[in-house]
């Protein structure tokens, strides 16, 4: 792992509250060990990780930003084959509308998991929902937990293979999930006092940059406040392009590793694959925008 600058940050981290393998407290300890200046836990469709970390955050030297990552349905006019996620920063944890929306997403996730297991069984794979519950502990169960069981039982050689062969989009065991509309995701984040940000645009797998700008324009009209330009999968050229779009549309730029612990063993907190960093100035600008509009 490369050395991390004392002013580096990571604003895209997942804990055991969703599909990460480190608890919120372990994430905080690792961030301190790595000398990160600021972090955000952005679990999928749940605030539990953020709530847990607040209880141990008081004496920590790491600055912390509450966060969320919400799966959203793309505008019908745009054909998007990848994952469209909206990050939210600085949200109020007790906001009724946000929590109601998250509960709906969590229930949909709970209903989806048995359907995935059933499809795997139909493919001849010996796996049960009880197997997945045992490995997930108190976490919100999702496909990464199913993939971990598959690896443990020798049904796949790695989590990546489990997704590539069975669990990924349009694969044999894939089950479509309920998503909020982009407009609703942005609305509930903004309503909870947060800043909505488009996550990892590269993973949208859009055919050209012009279509990305069309999406950004549409999301900006809905209330989007930023773009996650710094991301391990983004080339320097793509990061520069996203940053240019942010300037053009008066949006902030954010960044993070999308750290999941052992669920994504190639991605390390703060430095991605070892050659990635997000400077502290990104955090400062985000906080400045937050105070300007909130």
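The values are calculated or read from the model by the stated rules, or taken from the named source; none is laboratory data. All figures in this text were calculated on a predicted structure; none of them were measured in a lab. Note: ideal-geometry Cβ built from the backbone for every residue, glycine included; neighbour counts use all protein chains shown.
Looking only at the range 246-258, filter to residues that are in contact (Cβ under 8 Å) with a residue 60 or more places away in the chain and touching a helix residue (DSSP H, G or I) at 6+ places or on another chain (Cβ under 8 Å); which one of those is nearest to residue 218 (Cα to Cα)? Step through it out loud before you land on a result.
Within the range 246-258, the subset in contact (Cβ under 8 Å) with a residue 60 or more places away in the chain is 254-258.
From the residues that got through so far, the ones that are touching a helix residue (DSSP H, G or I) at 6+ places or on another chain (Cβ under 8 Å) too are 254-255.
Numbers: 254: 19, 255: 21 Å.
Filtering first and then ranking leaves 254.
Go through the range 146-173 and give me each residue that's assigned to a loop (DSSP other than H, G, I, E, B), over 30 Å from residue 217 (Cα atoms) and in contact (Cβ under 8 Å) with a residue 24 or more places away in the chain. If you could, list the steps in order and put the result at the bottom.
Restricting attention to the range 146-173, the residues satisfying the condition of being assigned to a loop (DSSP other than H, G, I, E, B) are 153-158, 168-173.
In the following step, the residues that additionally are over 30 Å from residue 217 (Cα atoms) were identified as 153-158, 171-173.
Once the filter is applied, which keeps residues that are assigned to a loop (DSSP other than H, G, I, E, B), over 30 Å from residue 217 (Cα atoms) and in contact (Cβ under 8 Å) with a residue 24 or more places away in the chain, the range 146-173 yields 153, 155, 172, 173.
Among (1) at pLDDT 90 or above; (2) under 22 Å from the mean Cα position of the chain (by Cα), which single condition is residue 131 missing?
(2)
Taking the criterion of being within 20 Å of the chain's Cα centre (by Cα) and free of Cβ contacts under 8 Å to residues at least 24 places away in the same chain, would at least one residue in the range 196-210 satisfy it? Walk me through it before giving the result.
Going through the range 196-210, the residues within 20 Å of the chain's Cα centre (by Cα) turn out to be 196-206.
Restricting the remaining residues to those that are free of Cβ contacts under 8 Å to residues at least 24 places away in the same chain gives none.
Checked against the condition, which is being within 20 Å of the chain's Cα centre (by Cα) and free of Cβ contacts under 8 Å to residues at least 24 places away in the same chain, the range 196-210 yields no hits at all.
Does any residue of the range 113-125 turn out to be buried (at least 21 other Cβ atoms within 10 Å of the Cβ) and free of Cβ contacts under 8 Å to residues at least 24 places away in the same chain?
No: zero hits.
Just a yes or no: is a residue in the range 89-101 surrounded by 13 or more Cβ atoms within 10 Å (Cβ to Cβ), modelled with pLDDT of 90 or more, within 14 Å of the chain's Cα centre (by Cα) and closer than 30 Å to residue 284 by Cβ?
The answer is yes, given that some residue of the range 89-101 is surrounded by 13 or more Cβ atoms within 10 Å (Cβ to Cβ), modelled with pLDDT of 90 or more, within 14 Å of the chain's Cα centre (by Cα) and closer than 30 Å to residue 284 by Cβ.
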